[in-house]
Amino acid sequence: MERQSKPAAMEVGPASKPKFRIPVDSDNQATEFWLLSFARPHMSAFHLSWFSFFCCFVSTFAAPPLLPLIRDTLGLTAKDIGNAGIASVSGAVFARLAMGTACDLAGPRLASAAIILLTTPAVYCSAIINTPTSFLLVRFFTGFSLASFVSTQFWMSSMFSPPKVGLANGVAGGWGNLGGGAVQLLMPVVFSAVKKMGSTPFTAWRIAFFIPGVMQTFSAIAVLAFGQDMPDGNYRKLHKTGDMHKDSFANVLRHAVTNYRAWILALTYGYCFGVELAVDNIVAQYFYDRFDVNLHTAGLIAASFGMANIISRPGGGLMSDWLSSRFGMRGRLWGLWTVQTIGGVLCVVLGVVDYSFAASVAVMVLFSFFVQAACGLTFGIVPFVSRRSLGLISGMTGGGGNVGAVLTQVIFFRGSKYKTETGILYMGIMIIACTLPLTLIYFPQWGGMFTGPRPGATAEEYYSLEWTEQEREKGYNVSAARFAENSVREGGPKSASGSRSRHTVPVDGSPADV
């Protein structure tokens, strides 16, 4: 395919590139990942995104660790608890789709801060609920905040180059998901502290909800004050100067919903992240009821599931990037299928070993590593599906996670149709089955799990199809063309040979200077 010439106004040569402390490629995306740095804008965006998502996770799952107390206070039935668990993850299905579109059109900074601030009142209202209906409503509206996951992944995909995007997405998403484990420890500790100060249990669990509320409020303010949408500036400035094309909702939507790869990833993500959400809702109560442990012990066990995210999801992202360096995109696909399938097998085993407390804890911890690593591997692939509709496709994938959580809880953990251990076993079977469609994903320029690339196909051609000839003549696809150049290694080691240094620009300092 003949490359379109780029208008001079759209070209970015070495002389005009802004200087960054961190090395960047031709699209100013970071080519290194300095975990302990706050270098602006890349690493500051990383820390703001994971921390704000962490706070949203804490708020959404603040209720389950205290559920035995809330259940007794409000007189909740098993059906009430199941419905509330479903509500906590169902609202975010549509919120994540909206968030993806908002990221494409307005930028991740404003989109993230808006959803966090809009859902914060629901967190504070958790302290004044007095009926099963009000309990369901606060869990429903608080759950909308999980849409911040989409802005987190979009932000990282915009700030980091293809060879590092899996790691950046994995660490940001994993450390955010860590909130689901941390809150299992946090809420019982806060409850105990408030109770020791003289409050009754009735009052203590209500006061405890102010902690996640304050955390969520602070994180939104920090995103607005210190965040930046893209390496070169915020959307508003880039649109005003003409450095970024202001897209339409219709175009973003069309290129997202017509890309079958996005739908497959949404399905498979429903049975890694969706399963993680379902387990966050049931695990503390399961061990409390099944093995007759106390509330603190049940919280510790449940926390171990979520806390695995500190290394498991980042490990999945790192594995995705490593497999890409060895085998290209085909390695990323095979890695995701293998890890998620093993996770499904372990989930089946977890449902079988319910007779042993020690075996259940051990298998649950092992299961958590695989199911969470699969989440990281998924978002090692998502940034390559589309550039024009990156936000909405991230939202579709993330929304698929919530759909999976809702379906899983409705089918297996709502009411008393199945014992919890039986539901866990069936959930594992669904993980294995719903991972199989990954075999259908095929990139013409890179290939699929069982088929190599199409002769002559290029990444630039693949991404340019999202733009009309007139739009390409105006240079609207320049950023996508740069991304295509920088993602050359997705074709495998042979495709990447000799391409490494050409797109890296000088930097002002090193991690030690930041």
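General observations
- When each of the peptides 339-350, 129-140 is scored by the mean number of other C-beta atoms lying within 10 Å of its residues, the order from highest to lowest reads 339-350, 129-140.
- Projecting the Cα atoms of A127, A308, G335 onto the dipole axis of the chain, where Lys and Arg carry +1 and Asp and Glu carry -1 at the beta carbon, places A127 farthest toward the positive end.
- Taking a ≥ b ≥ c as the square roots of the Cα gyration tensor eigenvalues, segment 376-455 comes out oblate, since a/c reaches at least 1.5 and a/b does not exceed b/c.
- Euclidean distance of C-alpha centroids, segment 73-110 and segment 132-163, integer Å: 8 Å
- Mean residue ellipticity at 222 nm, helices only, the chain: -21500 deg cm²/dmol; runs of at least 4 DSSP H residues each add -39,500 (n - 2.57), and the sum is divided by the number of residues.
- Dipole magnitude of the chain about its Cα centre (Cβ charges: Lys, Arg +1; Asp, Glu -1), debye to nearest 20: 160 debye
- For segment 434-466, GluC sites (Glu not before Pro) meeting the loop criterion (DSSP other than H, G, I, E, B) and having at most 11 other Cβ atoms within 10 Å: none.
- Cβ crowding within 10 Å averaged over residues, with 426-434, 354-362 ranked highest first: 426-434, 354-362
- Reciprocal of mean inverse Cα separation for segment 293-355 (Kirkwood radius, Å): 13.8 Å
- Scaling the Cα radius of gyration of segment 72-151 by the globular reference 2.2 N^0.38 Å produces a ratio of 1.21.
- Rounded if a/c under 1.5, otherwise prolate or oblate - segment 141-191, Cα gyration tensor axes: oblate
- Amide hydrogen neighbours beyond the local backbone of G448, cut-off 5 Å, H modeled: F443
- Once the Cα gyration tensor of segment 179-235 is diagonalised, semi-axes √(5λ) in Å: 35, 11, 7
- Each principal axis of the Cα atoms in segment 129-168 has its own extent, and those three values, largest first, are 50, 13, 9 angstrom.
- By a 1.4 Å probe calculation restricted to protein chains, L407 has an accessible surface near 80 Å², given to the nearest 10.
- Remark: relative contact order (the chain) = 25 percent; criterion is Cα-Cα distance under 8 angstrom and separation of 6 or more residues.
- Whole-percent carbon and sulfur share, accessible surface of the chain, 1.4 Å: 65 percent
- Percent of Cα pairs exceeding the 28 Å cut-off, where the set is the chain: 51 percent
- For the Cα trace of segment 166-324, dividing Rg by the Kirkwood Rh returns an Rg/Rh value of 1.08.
- Residue-normalised accessible area of segment 368-413, expressed per residue, 1.4 Å probe, Å²: 14 Å²
- Based on Cα atoms of segment 298-456, Rg over Rh with Rh as the Kirkwood radius reads 1.01.
- Cα-Cα over 23 Å, subset of K246/K474; K19/K237; K164/K474; K164/K237: K164/K474; K164/K237
- The listed residues L67, L186 rank as L186, L67 when sorted by accessible area, largest first, using a 1.4 Å probe.
- Theoretical gain in end-to-end length, V257 to A193 [0.36 nm per residue, Cα-Cα removed]: 18.1 nm
The values are calculated or read from the model by the stated rules, or taken from the named source; none is laboratory data. None of these values were measured; they are calculated from a predicted model. A quick note on method: Cβ atoms are made from the backbone with ideal geometry, for glycine too, and the neighbour counts reach across all protein chains shown. When the accessible area is computed, the model is the full protein with side chains, heavy atoms only, and any ligands, DNA or RNA have been set aside. Shrake-Rupley method; radii C 1.70, N 1.55, O 1.52, S 1.80 Å.
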